[in-house]
1. Pop out the Kirkwood hydrodynamic radius of the stretch B:87-326 from its pairwise C-alpha distances, inverse of mean 1/r, in Å to one decimal.
2. Taking every pair of Cα atoms in the protein assembly as shown, average 1/r, invert it to obtain the Kirkwood radius, and report Rg/Rh to two decimals.
3. Projected onto the charge dipole of chain A (+1 at Lys/Arg Cβ, -1 at Asp/Glu Cβ, origin at the Cα centre), which of A:Val302, A:Gln128, A:Thr275 gives the Cα projection farthest towards the positive end?
4. Give me the inter-chain shielding for B:240-250: mean count of other chain Cβ atoms within 10 Å, whole number please.
5. Largest first, what is the accessible-area ranking of A:Glu278, B:Glu234 with a 1.4 Å probe?
6. Just the Cα atoms of the stretch A:2-226, one point each, no solvent: what log10 I(q)/I(0) does Debye give at q = 0.13, 0.14, 0.16 Å⁻¹?
7. Which ³J(HN,Hα) values, rounded to whole Hz and listed in residue order, are derived for the stretch A:33-39 from phi using the Karplus coefficients 6.51, -1.76 and 1.60 in 6.51 cos²θ - 1.76 cosθ + 1.60 with θ = phi - 60°, glycine and proline given as x?
8. Considering only protein heavy atoms, with the full assembly of protein chains and a 1.4 angstrom probe, order A:Arg139, A:Arg173 by accessible area, largest first.
Amino acid sequence: MSEIVIKNLNKYYGKNHVIQDVSLNIDSQSFTVLVGPSGCGKSTILRMIAGLERINSGTISIDENIVNDLSPKDRNIAMVFQSYALYPHMTVYNNMAFGLKIEKLTKDEIDSRVYDAAKILQIEELLQRKPKQLSGGQRQRVAIGRAITRKPKVFLFDEPLSNLDAALRVQMRVELAKLHDQLDATMVYVTHDQTEAMTMADKIVVLDQGKISQSGSPLDLYHNPKNLFVGGFIGSPKMNFIKTKILKKSSQSISIDLLGQKSFILKKASTNLKTGDEVTLGIRPEHLKVSKDLKNSWKGKVFVVEKLGSGTFLYLEKEGEPLVVETDGDSKIKVGDTINVAFDQNKCHLFNSNKGLI
Amino acid sequence: MTFFNFIVYVVIGVSAVLSYFVLANWAHDYLVGKFSKKNLQDSIFRPWIFMAPALIILLVYLIYPVSETIRLSFFDNYGREFTGVSNYVWAMNDSDFRQSILNNFLWLIVVPTTCTFLGLTIATLADRVWWGVFAKTLIFMPMAISFVGASVIWKFVYEYRGAGNDQIGILNAIIVYFGGDPHAWIAIPFWNNFFLMVIMIWIQTGLAMVIFSAALRAIPEETLEAARIDGASEVRIFFYIIIPFLSETIVVIWTTITILVLKVFDIVLAMTNGQWGTEVLANLMFDWMFRGGGDSGRGSTIALFIMLGVIPIMIWNLRRFKMEQER
Ligand SMILES: Nc1ncnc2c1ncn2[C@@H]1O[C@H](COP(=O)(O)OP(=O)(O)O)[C@@H](O)[C@H]1O
Ligand SMILES: [Mg+2]
């Protein structure tokens, strides 16, 4: 069942059309991540779900009620902000109890909810402190705690981990995923970091300039990007892109020019492409293999070697951006070596000049 | 030629100050270098060279007047004969003095509170209407007028002509227009104090408003949004989130205006000169000090009472300031 249904949502700031006809279903109890580069409209969508931003046209329904005209407090949601947005003059306890006091719950009920949340987040010993006396990570826990105590149907997160250092971010990522399992709530999570999206999401929605570029499960987006943007955005290091031309086309296969060295046969065939058309070949670093196999391969000079232990990334000189190749951690290849790289035929993506997948 | 003289004096003054610093610093280096083997940077004398001018000015214009005032308060009207505490005894029994103390208290209670309240209210509301900027400009403008100038304006507002005549004071004109009787507002005992306070409030609300406006801007929008999502009404947000955020600012404005009010003088002098029960300490002091031959003993005694009122607020302010620094 869908918890949140967004239909033909539009938002303008002056003449700036920041959300362009977005439609989206968010499943009940799912962990949905809206991801995209800065300024693509992620926060705006989240804030419209929360009721903090007016909607120009379209509808948002939560739990089968259209909430366009409901104020935030009537939407059964809670939100966690990037800046934590704690109440600085209140203790941690009061920060978490503020909403509950407004709901006029009994003292015992408030106590038990705050202590439960504090226990889940391991901040029991901080309850009497003020936000100023907490570290960034602790503040973020309090902000999450404030959301939990209200027992909302939907949790909204706006880049909650961006202000934390890298180690803490990884730790909180795991804890948020755990929290999602514990609470059985619907979570909508906004981030510009594709790693966060890949690691936490049930479903990823990739946004590009106010439009949904593609949505699906993390692995679906990873293996079957529908366009150049998603291909380049999901995955780290980035997918390699090679601008090229179609040399020959038959009903079973396409032959393209591979960096001027030789032709390269792809098994895919498409009806609407002709010989001579410009296309972009995309292939991920791990689908390139250092080998002696000369079929569908290319020779290049290594100019950077990144050793991560678990793997090694080789940066090869080519026109435009370098070609990145992943190889095993104990590889002996050095800067300056010329190596032969084989392309995995089944893992190549071809994008047409409109940046769509062929 | 006066303009030319002015330039000359400025040049002479500035070069005198500059040469003091340069020469004193040079002399210091020379002497310390000669008699001490320590590093010149560590010299304990240098700070004093640079602080000396400020310290001397402080001494001459602050410490000396205070001690002289204390001394004079124990002397007779010419400051010649020691008379013990007789000036203080006089003050305790003087009806004008008692009235002034009472009125100063009244001012202290009403004016800072009203200014702070109005300033905050207007600053909050003005951000919600399109003509807010215009309203704020209008309310801020009296700040540019001196207390005496403002008093002249308000004298015309409160102006009274006998019944039957044309009323040139706008307040009476309005009242008569609606069929009421004109009143000599500033001569109505007790209430006239409030009519004078209105002038100070009219001027100072602008200051409070401008400072509150800036402070309100500094409240993070996301915190207010978090409260809205928590279900807080706008009124609740104002009292539970915004006011605590502004507590520092409220204290600053409140004390600034309190100190100003303790020294209130020009308005009373220009409007009533303390008649009809509107006397305040500063005007009473001025009266005794400089009028009817002058009585430096009694004048100084009253001056000390004003200082006594300001000191606790100053100390409290300094302490708060220090606490803020340490935080
Ligand atoms: N209050 C605002 N007024 C005008 N433009 C805005 C406002 N908020 C956001 N925008 C614009 O809307 C676009 C989307 O913003 P946002 O949703 O915050 O992006 P992000 O994906 O980084 O969260 C941006 O181009 C931004 O400049
Ligand atoms: Mg954002």
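The values are calculated or read from the model by the stated rules, or taken from the named source; none is laboratory data. The structure displayed is predicted, hence computed values, not measured ones. No Cβ is skipped: glycine too gets one built from the backbone with ideal geometry, and neighbour counts run over all protein chains shown. What goes into the accessible areas is simple: the full protein's heavy atoms, side chains included, and nothing from ligands, DNA or RNA. Shrake-Rupley method; radii C 1.70, N 1.55, O 1.52, S 1.80 Å.
1. By the Kirkwood definition, the hydrodynamic radius is 20.3 Å.
2. In the protein assembly as shown, Rg relative to Rh is 1.16.
3. It is A:Thr275, whose Cα lies furthest towards the positive end.
4. 2
5. Final ranking, largest accessible area leading: A:Glu278, B:Glu234.
6. -0.76, -0.87, -1.12
7. 10, 8, 10, x, x, 4, x
8. A:Arg139, A:Arg173
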